[in-house]
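Below you'll find the structure, written out as structure tokens, and then a few comments.
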Ligand code: GAP
């Protein structure tokens, strides 16, 4: 059964080195988290899987990596400077600042007071300055979404890769929002990562591609181990839509704190390319965009048949990496009672996401032959598996199993005395090891030579 409370996950993440509160030795910084040794592996595997499936496995998407610090003009024309706001309420009693839609019963969520201000808009973008002079000219923003770097490079990518519509540009990386009320662990934070595709299509084909991407992305999350029952598609109401969107479907996950957005799939129409293009009047842009005399580039394509220039529509599947990590952890988290009555905590992660693929454990640490052979097997596997293989040499096999269950290692391999010199009663055990399955706890005896094949075929560990 998946995690039933956020506390379970927070405790496991700290105990096993997945996620720590940022600068916790100084009391922390609200809305910021650091990823530890296991967390960085899990996060990277999720991102690498996304990149492999979105870019490598397709002929119609190219990747890109753009700056975090963003020219203010970009975010003026994108509409973020004016409209990327949340309504904020101040509590006059305890001075807490709260996102207005988080307030129930007109009471402060921090102290319960009813002495609250009216809501007013608060812009979520982090400001910074570029260069040594502090003035309006130097103002820039940390990007609130990775998408804008894609739109402003649309022409560069078109010119350098000669794609034809429909085609997409993918980017993953950090985004920053000065959330009024960060909460629920890594669910709502102020610095996070996104995995976004901007998929450019002909106007008129946008609804069809929107449906396509909702389905694709829903199915992708299933492949990361999320269960069908915990994934729910929700079309946003008109009054919820972002300023650029004609329609958005949220892929929601049943997190321990409730059903909430994991990824949004938006139809951004010709709003963004239209906002950033020069000579806007020439293209019959349908979205309501700000006039633009700053841009030097024509972000339009020519219809092959009619030769008319037009601004493509864009469909945007936009996923949060951190919310993905949280969902995958919540789904994988399992507490089960063993036959001996003990409780076992285990992360039943899909092997391709597990931080460590294989742990090799010598049965006793004070037997040099066992340790030497375990080292040799570790080296063999490191040469044949792309993921991480570790040698555990603490000598306490029970402790090793508990740790690897909790970090989700699919396979533990134990080197024992029979491996080196099999007892007369079981000569076939010579040069074989015990392979323990994390989920079933079943143990197989496998020849050392056969290990890479066995892991590939049974666990899809490559
Ligand atoms: N480019 C479109 C865009 O940014 P969004 O719905 O604001 O749309 C996309 O964000 C995804 O980014 C969300 O579905 C969520 O997974 C993630 N996200 C947004 N704000 C976040 C926050 N404060 N903390 C963690 N993840 C966040």
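Working from Cα pairs under 8 Å separated by at least six residues, relative contact order for the chain is 13 percent. With R₀ set to 30 Å, the beta-carbon distance separating residue 130 from residue 288 gives a calculated FRET efficiency near 0.50. What the Cβ-Cβ distance of residue 102 and residue 421 gives, at R0 = 51 Å and to the nearest 0.05, is a FRET efficiency of 0.20. Note on residue 205/residue 92: beta-carbon distance plugged into 1/(1 + (r/R0)^6) with R0 of 56 Å gives a FRET efficiency of 0.60.
Relative to the longest principal axis of the Cα atoms of the chain, the long axis of helix 397-407 makes an angle of roughly 20 degrees. Descending by average beta-carbon neighbour count within 10 Å, the peptides 165-178, 405-418, 18-31 line up as 405-418, 165-178, 18-31, the highest first. Stretching the chain fully between residue 40 and residue 159 yields a gain of 39.3 nm (0.36 nm per residue, less the alpha carbon separation). Site pair residue 304 and residue 85 shows an inter-label distance of 4.6 nm when each label is modelled 7 Å from Cα along Cα→Cβ. Relative contact order of segment 1-48, taken over Cα pairs closer than 8 Å and 6 or more residues apart, is 29 percent.
Specify whether the C-alpha gyration tensor of segment 354-458 places it in the rounded, prolate or oblate class, a ≥ b ≥ c being the square roots of the eigenvalues: rounded for a/c under 1.5, otherwise prolate if a/b is larger than b/c and oblate if not. In terms of gyration-tensor shape, rounded.
Just to confirm my numbers, what's the Cα centroid distance between segment 294-313 and segment 417-461 in Å? Between the Cα centre of segment 294-313 and that of segment 417-461, the gap is 61 Å. Each of the peptides 285-292, 315-322 was scored by the mean count of other Cβ atoms within 10 Å over its residues; in descending order, highest first, they stand as 315-322, 285-292. Helix 368-384 against the longest principal axis of the chain: what's the angle in degrees, Cα atoms only, rounded to the nearest 10? Long axis of 368-384 versus the principal axis of the chain: about 30 degrees. Of all beta bridges that DSSP places with both ends in the chain, some 85 percent have antiparallel geometry. Once the Cα atoms are used to define both axes, helix 6-15 deviates from the longest principal axis of the chain by about 60 degrees. Extent along the principal axes, Cα only, for segment 1-119: 56, 45, 33 Å, with the longest axis given first. Binning all Cα-Cα separations of the chain at 20 Å, short to long from zero, yields these whole-percent fractions: 21, 47, 26, 6, 0.
The numbers here are math on the coordinates, done by the rules we state, and not lab data. Treat the numbers as computed from the prediction; the structure is a model and nothing was measured. Methodologically, a virtual Cβ is constructed for each residue, glycine included, from the backbone with ideal geometry; neighbour enumeration extends over all protein chains shown.
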